[in-house]
Structures are given as structure tokens and as C-alpha cells.
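Below you'll find the structure, written out as C-alpha cells, and then a few comments.
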Amino acid sequence: MSASSPAVAPAPSRFSPVVVIVVLCLGSFSGALMQSLVIPIQAELPKLLGTDAGSASWAVTATLLAAAVTMPVTGRLADMFGKKKVMVASAALLAVGSAVAALGDTLTPFLVGRVLQGMAMGYIPVAISMVREVAPVDKRAGAVAAVSATMGVGGAIGLPLAAWIAQDFSWHGLFWFSSGLALVVLGATLVVVPHVHDAHPAHLDVVGIIGLAVGLCSALIGISKGSEWGWDSGRTVGSIAGGVVVLLAWGWYELRHRDPLVDLRTTARRPVLFTNLAAVLIGFGMMAQAIVVPQLLEMPEATGYGLGQTILEAGLWMAPGGLMMLVFAPVSSRMITTLGARITLAVGATVVGLGYLVALFLMSAPWQLMVASLVASAGVGIGYAAMPTLILDNVPEAEAGSSVGVNGLMRSVGTTIAGAVMAAILTSRTITLGGHVIPDESAFKVCFVVGAGAALAGALVCLLIPRHRARAATTEPEPVASGV
């Protein structure tokens, strides 16, 4: 945390704060892993599940949508009922969802499992907001940085790990692995994470949850499926427009509700608002790399610009980027302490943009793209810790979980938009090779330029955040903690 944060004593526990933080990191890593778990088998899913390619593509989309809706909801539930209870429930959802997907041989149960896995990503914002209550005051910035970095690490490590399991074992093994990992997280959360009396009782805003789910799903489905359905098709336009209308009505309702799911007045505060806008742009910048670089690595060498790597090889070239995020977590912590979270976030976004510019000029060998990925990943590692720090320093204690959840939602919106934009660019500039239509070299270069532009725009938005703003005061007593 920044120096302006109040010196709240960490929760007593039978385990050291380091062990507790490691468990929170493991839970966040497990949730983030779900994003890339099916990418190695995505092309084979229609055959594996006995369905068509369009239906099989929901294996990724359903998980991302479930995560986007769930993060602010779980954050709010954590504020109301306590963070540990919600993290335990999220880990249980991951275990059940993984088992359902592992046992499913048809589309419906498989998608049910993937939705539950996406809902389990609600563990991440709750874990981040929990750091303030379990870490010593002088270690909080580093702890937030470590837990935040695991989001990127999970996505980066997930690709080669999933490719290896699917290649050497079976696709069912992917989900048995995630089920086992979820059980470890569930047990560790129950035993290691202390119980903190941090509940702030309120009425559950069921209408708000439904409105947010309908509005977000409608808008994000339209965005994510735009390239497949056609951007001018009635389904795309109707889905996006309908989602926006529902979200506007939801906002009107939330502003008038006594116990809203999301306090929009808090999110409208300048520090929170601009941090969330930056999250959209930086999320876009991060995801664009994850989409474009593997495709370029796997493109056939016969194109003259493709690098001919297998899925596993491409994943291994990308994996060091995930580790780079973890390496730069303590760097981010020191920068937050010395420069402030605002400048740290701007620096992180700028470094992400530089990573794309490196890729623009170094794309003729796998090691060159790995260097570009390392640069961009360093920026993600720097910036991801600063975002929740800015949020937690500017919201009341009773809204910590929901506010971090909304910030996570904003990153998800950015990644969804990135997927749609990158797909549109890659399908707009194509060549034909062996009867197959594939993106040409200029399409990848345009993607790198757009990714750099989004990240650098995020850096500029960061500079609009006030230079210094203490975390919003609350008249409620600080949480009382007890051991497990």
C-alpha cells in the first residue's frame, strides 16, 4: 500500500504472512489459468464434443463472460459476508467446474463446467483486497504486486502447460489437473488464510446482479462475436446496442438503490474512474500480445514471415513473459513506495507499449518475439500492482472487494475488445496459402501498432489521476481478526 494508507494491523494467524500471501497467489494463479486452458485444444473441440466450430468457440467466450460478471459480484459478496468465505466458495466452484468439464463428452456439460471455472475467477479480486488485512504495513505494496502479477503469470504459463498435458496425456487430463489444483487451493485457503471479521452486512442487490449479467453478457457477446457474425449484422448490432441499453438502465437503478451492487458514485470519483479507464486500455494492450504473438509464431514458414512453431513451442517461447511479470512485482512495489502508484501505472503502460514497438521491428525469429514479450510483460508486472493499489487507496473499507472487482471487470472489457479488434485486423489483410486464407505480414504489424497505441493511451490516462489522494475515510471500525 501507499504511505497514505492507514496502518491497519495484519490479521493474526498460525501461519506467517508470507505463507498466507503464497496461498492467495496460488488461488489467483489457478483462476487466471482458466483463461488459456483450452486454447491448445480449441481447434479440436468440434470433433471432441461432436459439435460445430461456432458452438465450440463458446468454450473460451463463456469462461470470459462468466469471469467478467462474477468479479464485481464476488467482490460485493466479500464486502458483505467476509472475504475468506467467498474465496473458499470460489475455489469450490473451480473444483466442481473442472470435474464437470473433465467428465463431459458433449457440449452442454462442457460449457457448464467452463462457466463455473470462469465464475471461480472471482477469487482474484477478493484475494487482492484481502492483502491489506493479512500483510504487514511495510510489505503490503509488495504483496499486492505479487498477487496481481499471478494473473498474468497464470495466463502465460497456462498455454505451454495445457499444450503439454493435452499432447502427452488427454484433453480430459487438462480438467482433472485443474480440479486437483482447485482442491489444493480450497484446502490451503481453509487452513492457512485467517478468518477476518470484515463483513459489512447489507441487502443483496439481486436485481443489480441480474441487470449487470444481462447487460454485460449481451454487449460482450456482440463484441467478441462481431468478426464471426459480421460487424454490420443484426445480431451483432442488436447484441451490443441491447447490452448498452440494459447497462444504462442498470446504472439508473443502481444510483437509486439503497444497497447497490456497485456504488457508482464511488466509481465516479476521479482517481477510481481514471484508474478503471486505464485498466481497459492496459488490458487491451496486454491481451493483444497474447493473441497476436502466438499466431505469428505458429504461422507456416512458407509464408515468408511465419516462424513454424508448434503450439507447445509457441507456448514455451511465451512462458518467460509470465515469469517476467513475477520478477517485476517487487520492482513495482519499490516504485509505488518511491514514486507513487499513479506514476508506476503510467510507467508500466509505457513499457507495455514499448514491447509492441520492439515486436514491430523484431519479428523474424522466435527469440526476437520472446524479447518483445519480455519487455511488454515487464510493463504488465509493473502496472498490474499499481491498479489495485490506486483503487484500495481511494475507496471505503466496506467497498474494497467490490471496487477491486469492478477494476478486474474493466480489464476483462479491455481484453474482450482486444480480441475483437485483433480478429478484425487479422481477417482484413489476408493471403491464400495451400487453399487456406491466413493473415498477411502487414496485419501483424498493424496489430502491434494498435496494441502500442492502446497501451500508450493508457499511460496518458494515468496522468489524469490526481497526484495524491488518501483512501476514502470510513467511520466503521477496522476489521477484527482471529486465527483460523
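The values are calculated or read from the model by the stated rules, or taken from the named source; none is laboratory data. Just so it is clear, the model here is predicted, and its values are computed rather than measured. Quick reminder, even Gly has a Cβ in these numbers, built from the backbone with ideal geometry, and neighbours come from all protein chains shown. Quick note on the areas: whole protein, heavy atoms, side chains included, nothing else; ligands and nucleic acids left out. Shrake-Rupley method; radii C 1.70, N 1.55, O 1.52, S 1.80 Å.
The criterion of being in a helix (DSSP H, G or I) and closer than 18 Å to THR389 by Cβ holds for ILE124. Taken over region 222-241, the criterion of being at pLDDT below 90, open to solvent by 30 Å² or more (accessible area, probe 1.4 Å), not polar (S, T, N, Q) and not in a loop (DSSP other than H, G, I, E, B) is satisfied by ILE223, GLU228, TRP229. With respect to the conditions (1) under 13 Å from the mean Cα position of the chain (by Cα); (2) assigned to a helix (DSSP H, G or I), GLN35 lacks only one, and its number is (2). On inspection, VAL406 fails the criterion of being modelled with pLDDT of 80 or more and within 19 Å of GLY285 (Cβ to Cβ).
For region 242-290, the set of residues classified as in contact with a Cys (Cβ under 8 Å, 6 or more places away or on another chain) and open to solvent by 30 Å² or more (accessible area, probe 1.4 Å) consists of PHE274 only.
Let's see how each residue does on (1) open to solvent by less than 30 Å² (accessible area, probe 1.4 Å); (2) acidic (Asp, Glu); (3) more than 28 Å from HIS200 (Cα to Cα); (4) touching a Phe, Trp or Tyr at 6+ places or on another chain (Cβ under 6 Å):
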residue: ALA67; (1), (2), (3), (4): yes, no, no, no
residue: THR70; (1), (2), (3), (4): yes, no, no, no
residue: LEU77; (1), (2), (3), (4): no, no, no, no
residue: MET87; (1), (2), (3), (4): yes, no, no, yes
residue: SER98; (1), (2), (3), (4): yes, no, yes, yes
residue: ALA101; (1), (2), (3), (4): yes, no, yes, yes
residue: GLY104; (1), (2), (3), (4): yes, no, yes, yes
residue: ALA127; (1), (2), (3), (4): yes, no, no, no
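Of the residues ALA329, ALA341, ALA319, the single one that is out of contact with any strand residue (DSSP E or B) (no Cβ under 8 Å at 6 or more places or on another chain) and under 21 Å from TYR356 (Cβ atoms) is ALA319.
Against the numbered list (1) under 14 Å from ALA156 (Cα atoms); (2) open to solvent by less than 40 Å² (accessible area, probe 1.4 Å); (3) not β-branched (Val, Ile, Thr), ASN394 comes up short only at (1).
Suppose we filter GLY211, GLY215 for residues that are touching a Phe, Trp or Tyr at 6+ places or on another chain (Cβ under 8 Å), part of a helix (DSSP H, G or I), under 18 Å from ILE417 (Cβ atoms) and open to solvent by less than 70 Å² (accessible area, probe 1.4 Å); which single one remains? None of the others qualify; the one that does is GLY215.
Search region 336-359 for residues being of a type in the set (A, V, I, L, M), touching a Gly at 6+ places or on another chain (Cβ under 9 Å) and open to solvent by 30 Å² or more (accessible area, probe 1.4 Å), and hand back the single one that is nearest to VAL450 (Cα to Cα). Ranking the candidates gives LEU354 first. Every listed requirement among (1) open to solvent by 10 Å² or more (accessible area, probe 1.4 Å); (2) under 30 Å from ALA314 (Cβ atoms) is met by SER148 save one, (1).
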